[in-house]
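Take a look at the structure below.
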Amino acid sequence: MKHYSYDEWLQYVKNEINEKTREEIESHLYTCDQCLEDYLQAVSANESSLPTLSNVSNFTDLVMAEVTKQKDVVSNTISNLNTVSKVPSVPDTKRDERKSNQKKPFYQQAAFHYLLAAAATILLMFTGAFQSLATYANSVESQQVQEKKPSVTEGVINKTFAWMDSLEKKEANKK
C-alpha cells in the first residue's frame, strides 16, 4: 500500500493537485489510518490560511436561504412533472370513495374463496384421497414400529438378568 507524504496532503488541502491524483488520494484516505492522521495535521496547519467568518449567524442564514431556494426548485420541478404525467399531487377523495364503492368481481371476494375451498374438500373426501392418505400414514407408522430393535444397552441388561436368574436357580437346586 502506497502512503502519501505530509507534503502531498498539504497540496491536497490547498487544492494544488490535478483531478486524477485527487481521486486516488481520496480513495486511499478511506482505507488508511496513518494517512488520515497526516491529512488531519495538514488541515490543522493550513487552517490559518482559510478565511475567517466575521458573522457566523449571517453565514448560517445565507446557507439556509439557499437551501430553501433549492428546496423550492425541487418541489416546483416535481409538481411540473406531475402535471405532465397527469399524476395527481393531491389525493382525490371523491375518486377514492367511488373506487371503494365499486363492487369487486366475484372471484376476488372472500366468500368465493371459502366456497372454492369447501368444494375442493368435498371432492377430495368423495374420491377417497383423504382415506388413502390415512392408510399410507398408518403403513409408514407400522413399519417403524416393526423395525424397532432393542438397543445394545437393553440387550446387555436382558442377558444380565437372564444370567442372574440362572444363578438363582442353581442356588435353589443346591439347597
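So here's what we get for this one:
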{"read-out": "Residue 74, sole failed condition from (1) assigned to a loop (DSSP other than H, G, I, E, B); (2) among the hydrophobic types (A, V, I, L, M, F, W, C); (3) exposed (fewer than 11 other Cβ atoms within 10 Å of the Cβ)", "value": "(1)"}
{"read-out": "So residue 153, is it surrounded by 10 or more Cβ atoms within 10 Å (Cβ to Cβ), out of contact with any His (no Cβ under 8 Å at 6 or more places or on another chain), farther than 30 Å from residue 119 by Cα and modelled with pLDDT of 80 or more", "value": "no"}
{"read-out": "Residue 46 vs. criteria modelled with pLDDT of 80 or more and either touching a strand residue (DSSP E or B) at 6+ places or on another chain (Cβ under 7 Å) or at positive phi (or both)", "value": "no"}
{"read-out": "Checklist (1) at pLDDT below 85; (2) exposed (fewer than 11 other Cβ atoms within 10 Å of the Cβ) applied to residue 31, failing item", "value": "(1)"}
{"read-out": "Tally, over the range 7-28, of residues that are surrounded by 14 or more Cβ atoms within 10 Å (Cβ to Cβ) and in contact (Cβ under 8 Å) with a residue 24 or more places away in the chain", "value": "5"}
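The values are calculated or read from the model by the stated rules, or taken from the named source; none is laboratory data. If you're wondering where the values come from, they're calculated on a predicted model, not measured in any experiment. Please note: Cβ atoms are built from the backbone with ideal geometry, for glycine as well, and neighbour counts cover all protein chains shown.
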